[in-house]
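**Student:** Here it is, the structure in full.
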Amino acid sequence: MMIPSVRGTRDILPGEVERWAFVEATARRVFEQYGYFEIRTPIIEREELFSKGTGETTDIVQKEMYAFTDKGGERITLRPEATPSMVRAFVEHALEQAMAVPKLYAIGPMFRYERPQKGRYRQFHQLDVEVFGIADASVDAEVIDLAWSLVSALGISGVDLAINSVGCAACRPAFSAALVAALGDDVGKLCADCQRRAVTNPLRIFDCKVPGDQAVIDALPHSVDYLCGECRQHFDAVRASLDLYRIPYTVSHRLVRGLDYYTRTTFEILSGQIGAQNAILGGGRYDGLVKQLGGPDRVGIGFAAGIERLVLALPEELAVSAPRPDVFVAALGEAARFSSFELLRDLRRAGLNAQIEYEGRSLKSQMKRADRLKAPLVFVLGEDELARGEIGVKHMATSTQESIPRAEAVAYVLRTVGGKR
Ligand code: AMP
């Protein structure tokens with residue numbers, strides 16, 4: 001019996017994978033343009049990195065981690081998000097000293113045991129960027145501008161930027177208390193998760209998706225009304241910079257995001273075109289996280305974009321090409337077949353994409369294969385051509401044919417495809 005793939009995971013097949021490659025290449029280009037350097041961190045980490053980093057009271061840590069005890073008795077997890085790993089690497093390798101500006105990006109798979117649906121998977125892939133050590137609001141605006149540039153470089157339209165400020169360690173307790181006070185007796189009307197959140201971490205109530213809870217949640221106080229002077233100033237400065245960049249946004253009071261470490265700025269870019277899972281990227285500032293994870297007292301800010309959702313949001317008409325041969329070599333007869341492998345070698349050594357039919361079938365089936373591979377040129381090598389030191393050339397688009405000397409084969413293809421590469 002065939003063994004199927006694991007629920008919530010997907011094969012990205014030829015045909016779709018080119019769209020992924022386009023997203024990744026565009027992201028690299030834009031990130032590097034903004035001064036970010038790539039980093040690759042492991043897929044497995046110690047479980048406590050996320051229970052301490054992402055937060056004990058978050059859904060990710062409480063319900064969604066692929067955590068296990070390894071053969072040495074260590075608690076290990078597949079990473080559910082990138083930020084704690086990036087912070088760990090920043091601290092572990094003292095990147096503050098090693099890099100002129102610690103601006104990092106990473107691309108890779110994340111794992112969460114969620115209920116799969118369109119745009120939501122158990123293995124999904126993120127583009128992640130993080131900047132460490134800069135507290136000024138101009139960097140918040142630059143990170144949001146980077147996210148905006150990425151989306152527009154991908155040709156994605158119909159998106160909205162939402163921003164909020166969730167305050168800092170100084171002003172958040174008052175906001176939390178205000179939430180609990182405003183909830184009052186309504187707590188009893190909320191779902192079991194929210195009743196738990198009201199005790200452990202009232203801000204998390206904003207993550208609730210249960211339809212029956214929404215009326216109560218919509219009436220709750222707004223974090224921006226509880227900001228201390230410094231957080232208020234910071235938020236105003238971020239907004240002023242976004243205006244300067246001419247990036248349109250709305251302030252969304254419900255945007256507290258599902259992770260514990262956020263401070264001050266949070267933001268998301270939402271798409272109206274990809275269904276219910278409409279957040280294509282999200283991020284924010286996390287000023288206490290580096291210290292909390294055992295590092296120096298350094299601030300940080302970043303965002304993560306879901307590659308699956310970016311691919312879904314790409315314009316339908318985007319032309320991304322799969323690799324295709326520059327030339328197909330067809331051979332007839334044993335001697336010609338032998339010689340055709342030498343020709344193939346010469347073509348490939350010259351950097352060309354050259355393909356062949358391995359099993360010596362009829363010319364007709366070789367031409368059919370060339371056609372399916374979308375080769376623009378076919379070289380035909382038969383006994384006659386071999387004897388004359390020539391090659392027959394067929395241009396597939398026009399069906400025109402000619403003969404050329406074998407010695408000129410490589411130069412001929414280079415000349416023909418040269419302008420198209
Ligand atoms: P988060 O790390 O939860 O802030 O998510 C950042 C981005 O990752 C989201 O905006 C989504 O684009 C993407 N994402 C998060 N969870 C999933 C998932 N289960 N499946 C696909 N994409 C996801």
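**Student:** When you check S365 against the structure, is it open to solvent by less than 50 Å² (accessible area, probe 1.4 Å) and either small (G, A, S) or in a loop (DSSP other than H, G, I, E, B) (or both), yes or no?
**Tutor:** yes
**Student:** Give the residues of the range 91-131 that are among the charged types (D, E, K, R), within 13 Å of the ligand (Cβ to nearest atom) and not in a strand (DSSP E or B), sorted by residue number. Lay out the reasoning, then the answer.
**Tutor:** So the first thing to find is which residues in the range 91-131 are among the charged types (D, E, K, R), and the list is 92, 96, 103, 112, 114-115, 118, 120, 122, 128, 130.
Those left that are additionally within 13 Å of the ligand (Cβ to nearest atom): 112, 114-115, 118, 120, 122, 128, 130.
Listed by number, the residues that qualify are R112, E114, R115, K118, R122.
**Student:** Any residue in the range 106-135 that is under 14 Å from L310 (Cβ atoms) and among the hydroxyl-bearing types (S, T, Y) sitting within a Cβ distance under 7 Å of a residue that is in a loop (DSSP other than H, G, I, E, B) and more than 9 Å from the ligand (Cβ to nearest atom)? List the pairs, counting only those 6 or more apart or interchain.
**Tutor:** Y121/T9; Y121/R10
**Student:** From the list R196, R232, which residue is closer than 22 Å to Y261 by Cβ, outside the structural domain of A27 (by TED's automatic domain parsing), out of contact with any strand residue (DSSP E or B) (no Cβ under 7 Å at 6 or more places or on another chain) and among the basic types (K, R)?
**Tutor:** Sole residue among the options that is closer than 22 Å to Y261 by Cβ, outside the structural domain of A27 (by TED's automatic domain parsing), out of contact with any strand residue (DSSP E or B) (no Cβ under 7 Å at 6 or more places or on another chain) and among the basic types (K, R): R196.
**Student:** OK, next. Return the residue satisfying two criteria in turn: it lies in the range 57-95 and is in contact (Cβ under 8 Å) with a residue 40 or more places away in the chain and open to solvent by 60 Å² or more (accessible area, probe 1.4 Å), and of such residues it is nearest to R28 (Cα to Cα).
**Tutor:** Applying the filter and picking the extreme gives Y66.
**Student:** What is the residue count in the range 311-338 for residues that are in contact with a strand residue (DSSP E or B) (Cβ under 6 Å, 6 or more places away or on another chain) and either open to solvent by 30 Å² or more (accessible area, probe 1.4 Å) or within 16 Å of the ligand (Cβ to nearest atom) (or both)?
**Tutor:** Result for the range 311-338: 2.
**Student:** Moving on to the next point. Right, V139: within 12 Å of the ligand (Cβ to nearest atom), under 30 Å from D243 (Cβ atoms) and assigned by TED's automatic domain parsing to the domain that holds L242 or not?
**Tutor:** Criteria not met by V139.
The values are calculated or read from the model by the stated rules, or taken from the named source; none is laboratory data. What you are looking at is a predicted structure, and each value in this text was computed from that prediction instead of being measured. Cβ atoms come from the backbone with ideal geometry, glycine included; neighbour counts cover every protein chain shown. Accessible surface areas use protein heavy atoms only, side chains included; no ligands, DNA or RNA. Shrake-Rupley method; radii C 1.70, N 1.55, O 1.52, S 1.80 Å.
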